[in-house]
C-alpha cells in the first residue's frame, strides 16, 4: 500500500512539475511573440509602436502576458501631423481548460490623438480569440494561429475628447481561417464579417439631412481564397509592411508577384456582400479562377430591391442629385424590372473570360488578356508628363 501511495505521489509531483514547466514555457513564448510583434510593426518607417511595460501572470491555471500603455504612432509623411493610438493595456491569455484558444483582452476604450483633436472607440463588450495550430506550437518561425474570432457590442466612435458620438454599431462578428496546407480545392484564407445596427449620431444625421435616419441595418462581407499559399507569405507581408507608404511601386511589385504565383498554382476565390439600407437590400457575389495561361474567368451577380423607394428618399434629402440619379437609372434600365413585392429591382449576372464580358446573356465588351509582367513591372513615369519617358 505504501509503495502504491509513493508511486501516486511521485506521479502527481511529476505531473505538477511538467505542468509548471509547460506553463512557464507558454508564457515565455507568448511574451516573445507579443514583443516581437511590436518590434515587427516598428520596422515600417510610417509606424512606431512601443509599450511602457510587460508582465507575466502568476496563476498556473492561465498563461498570461500583459503589455501596458501600448502606443502606435502613425506618420506616413514628415509634413503630416502624427496620429497616436493608445491602449491602456493588452493581455494575451490561455486558460488551462482550453489550451488551444488564445484570448486577447482589449480595453473598453481605445484612444486616438491628432493635431486636430482627440477621439476614442468604446466597447460595451469585446472578445477576441485566436485558435492555435498544434502542429506549429514548437516552431518559432511559423505563424502559430489557424484562425480567429472577434465579437463586440455597443461600439461607439467618439470625437471631441469623447464628448460627441459620431458613429454607433450595435454589434459585430468576425471569423477568420488560415490553412497553410490548402490545395486548389480547399480554402486557404476564409473570412466573414457582419456589422449590425450601424448609425450616425442623431445630431449629424439631422445636420447633414442623411436619409434613413443615418442607419445601415446590416453590412456583411465574406471572402474565401483557395489554393496553396505562397511558401513565404508571412515574409511577403513583412516586406510590404516594411516599405514606406509612399513606395507604391515596390508594394505593387511584391503584391502582384505573390498574386501571380498564387494564381499559377491553382488559386481561386469567392466574395459576397450583403447590405440593408432603408427599404433596400443589396446582395452581391463574385468568383474568379485562372486557366493554364493564368488568365482569369468567373462570374459576378448583383441584386438590389426597392430601388424606387431608395432613390426617392435620397433625392428628397439631396434634390441636387436628381439628375445624377436619373442618369444612373437610364444606364441601368436594361437590368431593371418592377414587381409588386420588391418594387424596382436591379438584377445583373456578369460572366467574364475567354476574351469577352457578358451581362444577362448579352456580350457587352471584349476582355483583353492580363499582362502579368506589366502588372509586376509597370513602365517608369517621367516626372511631370506621365509619358513614361525619362527626361
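The values are calculated or read from the model by the stated rules, or taken from the named source; none is laboratory data. All figures in this text were calculated on a predicted structure; none of them were measured in a lab. As a convention, Cβ positions derive from the backbone with ideal geometry for all residues, glycine included, and neighbour counts pool all protein chains shown.
Considering each residue of the stretch 207-221 in turn, none proves to be under 21 Å from residue 119 (Cβ atoms) and under 17 Å from the mean Cα position of the chain (by Cα). Among the residues making up the stretch 257-288, those that are closer than 29 Å to residue 345 by Cβ and free of Cβ contacts under 8 Å to residues at least 40 places away in the same chain are 280, 281, 282, 283, 284, 285, 286, 287, 288. List pairs: first in the stretch 190-209 and without any contact (Cβ under 8 Å) to a residue 24 or more places away in the chain, second assigned to a helix (DSSP H, G or I) and surrounded by fewer than 17 Cβ atoms within 10 Å (Cβ to Cβ), Cβ under 9 Å, 6+ apart or cross-chain? Filtered contacts from the stretch 190-209: 202/213; 205/213; 208/317. Please go through the stretch 41-70 and give me each residue that is touching a helix residue (DSSP H, G or I) at 6+ places or on another chain (Cβ under 7 Å), at pLDDT 85 or above and not in a strand (DSSP E or B), ordered by number. Of everything in the stretch 41-70, just one residue is touching a helix residue (DSSP H, G or I) at 6+ places or on another chain (Cβ under 7 Å), at pLDDT 85 or above and not in a strand (DSSP E or B), namely 51. Going through the stretch 204-223 one residue at a time, which ones are loosely packed, with under 15 Cβ neighbours inside 10 Å, over 17 Å from residue 279 (Cβ atoms) and in contact with a strand residue (DSSP E or B) (Cβ under 9 Å, 6 or more places away or on another chain)? 208, the sole residue that qualifies. Counting only helices (runs of 4 or more DSSP H) that sit wholly inside the stretch 305-382, those with at least 3 residues that are more than 32 Å from the chain's Cα centre (by Cα) and surrounded by 10 or more Cβ atoms within 10 Å (Cβ to Cβ) are 307-317, 322-332. From the list 54, 90, 58, which residue is more than 25 Å from the chain's Cα centre (by Cα) and under 23 Å from residue 126 (Cβ atoms)? Residue meeting the stated conditions: 54.
Here is a yes/no grid of residues against (1) without any contact (Cβ under 8 Å) to a residue 60 or more places away in the chain; (2) farther than 21 Å from residue 273 by Cβ; (3) in contact with a helix residue (DSSP H, G or I) (Cβ under 9 Å, 6 or more places away or on another chain):
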{"site": "314", "(1), (2), (3)": "no, no, yes"}
{"site": "324", "(1), (2), (3)": "yes, yes, no"}
{"site": "336", "(1), (2), (3)": "yes, no, yes"}
{"site": "359", "(1), (2), (3)": "yes, no, yes"}
{"site": "362", "(1), (2), (3)": "yes, yes, yes"}
{"site": "367", "(1), (2), (3)": "yes, yes, no"}
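Within the stretch 61-76, is there a residue that is more than 19 Å from residue 244 (Cα to Cα), surrounded by fewer than 13 Cβ atoms within 10 Å (Cβ to Cβ) and free of Cβ contacts under 8 Å to residues at least 40 places away in the same chain? Yes; the residues of the stretch 61-76 include at least one that is more than 19 Å from residue 244 (Cα to Cα), surrounded by fewer than 13 Cβ atoms within 10 Å (Cβ to Cβ) and free of Cβ contacts under 8 Å to residues at least 40 places away in the same chain.
Selection of the stretch 223-249 for residues being touching a residue at least 40 places away in the same chain (Cβ under 8 Å) and over 17 Å from residue 182 (Cβ atoms) yields 238, 241, 242, 243, 244, 245, 246, 249.
The number of residues in the stretch 235-282 being assigned to a helix (DSSP H, G or I), modelled with pLDDT of 90 or more and farther than 21 Å from residue 374 by Cβ comes to 0.
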